[in-house]
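J.: Here's a structure for you.
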Amino acid sequence: MRKIILDLAVTLDGFIEGPNGEIDWCIMDDEMDFSKFLAAIDTILYGRISYDLWGQYQPDDSASPAMQDTFTAIHTKHKVVFSKTATVKDENVRVISTDIEKQVQSLKSQPGKDIWLYGGANLITTFIDLNLIDEYRLSVHPIVLGKGKPIFDNIDRRINLSLTQTRVFKSGVVQLCYQPQNNV
């Protein structure tokens, strides 16, 4: 069965973006080999706001070739947007508005590669509440913002995780991979 992988950059103090939505602190380190992660997935899950911001994002012409290649690879993936209000006119995008748990379990049981839970924060909380995340892959960046949007917001229960891998990059980013233990 395909896995749902939450893969996000996070600050040392637990934010996924600054107070004004800024992500300029996020380090794109070649050593991280993000292209390898992208090759292992074929579907990206977005909340409506995250999709509006990033689902069709195109870097400008001055962006590095690596950044251009990253977004080219991202835009070849199937995309699923979770929203009660979104209407998306793109053949590569499916909108799910009801029965999230059933729809995601059906998606996981289909043939294909793993699935990237991109976010946003509300969608992450929903997936946590429904026990739908198979792997937490967090890249902790060496910065403290003090304010911003927390990665884990409105979580009302303990989630026990087992560390499966740690990678330290020359940039100072530390990637932590966890699997949830059987949480009830």
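The values are calculated or read from the model by the stated rules, or taken from the named source; none is laboratory data. Everything quoted here is computed from the prediction, not taken from an experiment. All Cβ positions, even for glycine, are placed from backbone atoms using ideal geometry, and neighbour counts span all protein chains on display.
J.: Among the residues that make up segment 68-81, is at least one of them part of a helix (DSSP H, G or I), of a type in the set (Gly, Ala, Ser) and within 18 Å of LEU6 (Cβ to Cβ)? Let's see the steps before the verdict.
T.: Restricting attention to segment 68-81, the residues satisfying the condition of being part of a helix (DSSP H, G or I) are 68-74.
In the following step, the residues that additionally are of a type in the set (Gly, Ala, Ser) were identified as 73.
Restricting the remaining residues to those that are within 18 Å of LEU6 (Cβ to Cβ) gives none.
No, segment 68-81 contains no residue that is part of a helix (DSSP H, G or I), of a type in the set (Gly, Ala, Ser) and within 18 Å of LEU6 (Cβ to Cβ).
J.: Which of the numbered conditions does GLN110 fail, given that it passes all the others? Conditions: (1) of a type outside the set (D, E, K, R); (2) touching a residue at least 24 places away in the same chain (Cβ under 8 Å); (3) touching a helix residue (DSSP H, G or I) at 6+ places or on another chain (Cβ under 8 Å); (4) loosely packed, with under 13 Cβ neighbours inside 10 Å.
T.: (3)
J.: What are the residues in segment 11-42 that are crowded, with 19+ Cβ neighbours inside 10 Å and touching a His at 6+ places or on another chain (Cβ under 7 Å), if any?
T.: THR11, the sole residue that qualifies.
J.: When residues of segment 134-162 are filtered for being more than 22 Å from SER50 (Cβ to Cβ) and under 18 Å from the mean Cα position of the chain (by Cα), how many remain?
T.: Of the residues in that region, 1 qualify.
J.: Okay, moving on. Which residue, of ILE23, ILE4, ILE100, is touching a strand residue (DSSP E or B) at 6+ places or on another chain (Cβ under 7 Å) and closer than 29 Å to LYS170 by Cβ?
T.: Details: ILE4 fails: closer than 29 Å to LYS170 by Cβ; ILE100 fails: closer than 29 Å to LYS170 by Cβ.
Every option except ILE23 fails the conditions.
J.: Here's something else I'd like to know. When only residues in segment 153-176 that are in a loop (DSSP other than H, G, I, E, B) and of a type in the set (Val, Ile, Thr) count, which is surrounded by the most Cβ atoms within 10 Å (Cβ to Cβ)? Full working, then the answer.
T.: As a first pass, look at segment 153-176 and keep what is in a loop (DSSP other than H, G, I, E, B): 153-160, 169-173.
If we keep only those that are of a type in the set (Val, Ile, Thr) as well, we get 155, 159, 173.
Working: ILE155: 13, ILE159: 14, VAL173: 20.
Here the answer is VAL173.
J.: TRP25 is checked against (1) free of Cβ contacts under 8 Å to residues at least 40 places away in the same chain; (2) part of a loop (DSSP other than H, G, I, E, B) and fails just one. What number does that condition carry?
T.: Answer for TRP25: the failing condition is (1).
J.: Output the number of the condition that TRP54 fails; it satisfies all remaining conditions of (1) farther than 26 Å from LEU176 by Cα; (2) within 15 Å of the chain's Cα centre (by Cα); (3) modelled with pLDDT under 85.
T.: So TRP54 meets the others, but not (1).
J.: Now, a different point. Would you point out which residue out of LEU123, LEU45 is out of contact with any Pro (no Cβ under 7 Å at 6 or more places or on another chain), surrounded by 18 or more Cβ atoms within 10 Å (Cβ to Cβ) and part of a helix (DSSP H, G or I)?
T.: Residue meeting the stated conditions: LEU123.
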